[in-house]
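Trainee: First the structure, which I've put down as structure tokens, then a few questions once you've had a look.
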Amino acid sequence: MYDQIGSNKFKSVLLIAFFIVLVLAVGWAFGYASDWGPAGLALALVFAFVMTWTSYWYSDKIVLGMSRARPVSREQEPHLFHSVEGLAIAAGIPTPACYVIDDPAPNAFATGRNPEHAALAVTTGLMEQLDRLELEGVIGHEMAHIKNYDTLVQTLAAVMAGTVVLLSDWMFHAWFWGGGRKRGNDSSSSGIGSVLALVAVALLILSPFFAAIIQMAISRKREYLADANGALLTRYPQGLADALKKISTDKNQLRSANKATESMYIYNPLKDIRGGKGINALFDTHPPIAERIQRLEAM
């Protein structure tokens, strides 16, 4: 299990590095395919920095607001608070703020830029349907996300994916309507220049697809890691396995879920809408639930 955790951490760092390269590549592509030159790369870097900076400081408030989560006190939800506090102590991190989403669909997510500024949100359906050990399994999973800085990694991945999509779309239209590189340019009239121009245009068109694939890969790796770390915290992997069985078979649809927040939940709230077969499986934000349960039961 520790080998799996180490492997997942390394692969997640590698995927983030690929994302950074992709953002730079989009900037280079626009600069080469247009008359902007190095200014295209500089524009991509500035835009990516602004988006990332904003998400770093305000993503938790935005996500909680989009999810219609309300803060709760110890007096309102004592059982939830006791479980969260106990597992936070076990994880060696500050107790995150607790939020509740009024929805019958069982689900949960964690958010925040670091353990000192973290929040954990659960639905009313989750608290009603799970027993104590199953609820602790879910909270342990989310606590692992917080401790491993997955909340930051997944937020950055989502922002980078959105940045690539916006940049590529805007830059492609700017290049198209601007006419591309001037025909009199010597480098564009050469064979190598023509090939590079084609590569640049193809990159602007295909980069959103690559960004989505990388984002989904990051999310899936972090889910496996959180499952393993959460099981270590509770010392009872079966609790989380049983919770995932109940969550995945529930027929209620989480009303506040959307494409921007789906990757943050313990179980993909949009999976039943989009489907997870064929080409759609490439864009699943979570690993197959059966495989997650199998890994937990084998621990």
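Trainee: Per 0.36 nm of contour for each residue apart, how much would the distance between Ala17 and Glu291 grow if the chain were fully extended, relative to their Cα-Cα spacing?
Mentor: The span from Ala17 to Glu291 would gain 95.9 nm if fully extended.
Trainee: Using a 7 Å offset from the Cα along the Cα-to-Cβ direction at both Glu116 and Phe81, what is the distance between the two label points in nm, to one decimal?
Mentor: 2.4 nm
Trainee: Continuing with the same structure: Restricting attention to segment 54-136, which trypsin sites (Lys or Arg not before Pro) occupy a DSSP loop and are surrounded by at most 15 other Cβ atoms within 10 Å? All intermediate terms of the calculation are to be shown ahead of the outcome.
Mentor: On the way: sites: Lys61, Arg68, Arg74, Arg113, Arg132; in loops: Arg68, Arg74, Arg113.
Sparse-neighbourhood loop trypsin sites (Lys or Arg not before Pro): Arg68, Arg74.
Trainee: When the C-alpha atoms of segment 25-165 are aligned to their principal axes, what extent does each axis show, in angstrom, from largest down?
Mentor: That works out to 62, 31, 22 Å along the principal axes.
Trainee: Taking the beta-carbon count within 10 Å as an exposure proxy, list Tyr267, Tyr236 from fewest neighbours to most. Walk me through the numbers on the way to the answer.
Mentor: Working: Tyr267 24, Tyr236 18.
Going from sparsest to densest Cβ surroundings: Tyr236, Tyr267.
Readers should treat all values here as calculations from the given coordinates under stated rules, not as data from a laboratory. Computed from a predicted model, the values in this text were never measured in an experiment. All Cβ positions, glycine included, derive from the backbone under ideal geometry; neighbour counts span all protein chains shown.
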